[in-house]
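Asker: Here it is, the structure, as structure tokens.
The values are calculated or read from the model by the stated rules, or taken from the named source; none is laboratory data. Fair warning: this is a prediction, and the values are worked out from it, not measured in the lab. Here the Cβ is made from the backbone with ideal geometry for all residues, glycine too, and neighbour counts use every protein chain on show. When the accessible area is computed, the model is the full protein with side chains, heavy atoms only, and any ligands, DNA or RNA have been set aside. Shrake-Rupley method; radii C 1.70, N 1.55, O 1.52, S 1.80 Å.
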Amino acid sequence: MRGLVLAEWTKLRTVVGTAGCLVAMAGALVAVALLISSGNPGTYSDTDHVDEFRFVHRELTGDHTIVARVTGQESDQPWAMAGILVKRSLTPGAQYAALAVTPGHGVRMQTGFTTDIAGDARPGPRYLRLTRTGDTVTGSESGDGVTWDRVGTVTLTGLPPTVHLGLFVTSPGMTRVHPMRPGLVQIRPNTATFEAVRVSPAGPAGPWQALDVGGTSAPTTVEVNGSVAVTGSGDIVGRSDDGSRIVAATAGTVFAALPAIALGVLVTTSEYRWGLIRTTLAAAPRRGPVLAAKAATVAITAFPVALAATAAALLAVQPLLHRNGYRPPTYPDPSLLDPAVLRVVTGTAIVLTLLALLGLGIGALVRRSAGAITVVAAAVLVPVAATPFAPSWLQRFTPVAGLSVQQVRETDDTLLLPWAGRPWMGIAVLSGYTGLALAAGYWRQRRSDA
């Protein structure tokens, strides 16, 4: 076996294009990471919160109560919110108290970007009520609008007599994704329907207006005659490390996938193109060891190159990210010794190695470079392109599932991390495809030499 591996290593070094594939793979990892990290940090900065949402509100003075029934919302994001809110001013970061229904976490009362009080665990429909008494805001929820359960009471110190009270909608899964993967996220606003909207006492108040808090659009006057549909996106949350300083090193993975696939394909198809496969099989008639030697050669070549390139990308982008506002304490300095960092870096190298082996198997089956590269590239890139339009569960069962190993936190819910909380499951799925491809290639080799 050792002799076969040495022979395959010699062939790999002499095959036209394989060296170029390795350089292109490493170059894509580093170049894309540098390009992305040198750009504008987008919505991320040194502030300690995200305060971006659709707000249908009116200006009220004194103590008031607002009641609304959330009948439904379109978003399937677990932390999307539809509810009622009192806010000191329309400036992002101003004091607030919110009571909302979420698809995945039931009723929640939140304030100060950090306080989160759980209410009824059911997603709705639910009646919600906020009562402002001086600096105190009390949130209650009900299933029928008659019997109320208190969710929580919070104090907004120094709340002025005149505040903004109204309905709000968020859709965090679409706008809170870090900017390290541009173009892969389609903004899907959340549309929520409110009924039985009422404010008491019904004294003089400003008109209902709709505004995107944190946005640039001008407010518009809207009619709220007991019911209204509100569409919006964004989030209200305290800023936390989203893993950008780690994930930046993997931004080029999709671009590096094509040369990795081509590497594996060429190791096999180049022999069929020039008729050298007969010589190889004459020297080593057993097809299994020959294919195993090719796979071993591809693995021991692709993995260290991908690993070194990913680690180099991680180290190279840190000064750029630091300059653009990704700095401690919100964004801690990553270390290669951190288990999460080590998993992301090593896992990325494993993904690219498996893709190369997938190309090897399909190359042995198809025996034509262009055809094999097209088949494997389509299996990987088509699911990526279709991600904004395909059901989220579908990604779990395509080769792109391997990218789940790049998730930094268990709460990651970006579109290319389908196995949230179980990053190695994606590697298992990709390994399954690779194993099937190699088995198919072996079957074809057993049937014919050329």
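Asker: Restricting to the range 403-450, give me the number of residues that are within 23 Å of the chain's Cα centre (by Cα), open to solvent by 40 Å² or more (accessible area, probe 1.4 Å), at pLDDT below 85 and of a type in the set (Ser, Thr, Tyr).
Answerer: 1
Asker: While we're on this one: Counting just the residues of the range 239-252 that are within 14 Å of the chain's Cα centre (by Cα) and in a helix (DSSP H, G or I), which one comes out modelled with the highest pLDDT?
Answerer: Restricting to residues being within 14 Å of the chain's Cα centre (by Cα) and in a helix (DSSP H, G or I), the top hit is Thr250.
Asker: Restrict the check to the range 160-174 and report whether at least one residue is in contact with a Gly (Cβ under 8 Å, 6 or more places away or on another chain), part of a loop (DSSP other than H, G, I, E, B) and β-branched (Val, Ile, Thr).
Answerer: No; the residues of the range 160-174 include none that is in contact with a Gly (Cβ under 8 Å, 6 or more places away or on another chain), part of a loop (DSSP other than H, G, I, E, B) and β-branched (Val, Ile, Thr).
Asker: Considering only residues that are crowded, with 16+ Cβ neighbours inside 10 Å and out of contact with any Asp or Glu (no Cβ under 8 Å at 6 or more places or on another chain), look in the range 132-163 and name the one that is nearest to Ser227 (Cα to Cα).
Answerer: Gly139
Asker: Quickly run through the range 121-131 and pick out the residues that are open to solvent by 20 Å² or more (accessible area, probe 1.4 Å) and either over 16 Å from Thr111 (Cα atoms) or among the hydrophobic types (A, V, I, L, M, F, W, C) (or both).
Answerer: Ala121, Arg122, Pro123, Gly124, Pro125, Tyr127
Asker: Determine if the range 41-61 includes at least one residue that is polar (S, T, N, Q), open to solvent by less than 40 Å² (accessible area, probe 1.4 Å) and under 15 Å from Gly234 (Cβ atoms).
Answerer: No, the range 41-61 has no match at all.
Asker: Mind counting the residues in the range 309-322 that are exposed (fewer than 15 other Cβ atoms within 10 Å of the Cβ) and within 15 Å of Val341 (Cβ to Cβ)?
Answerer: 1
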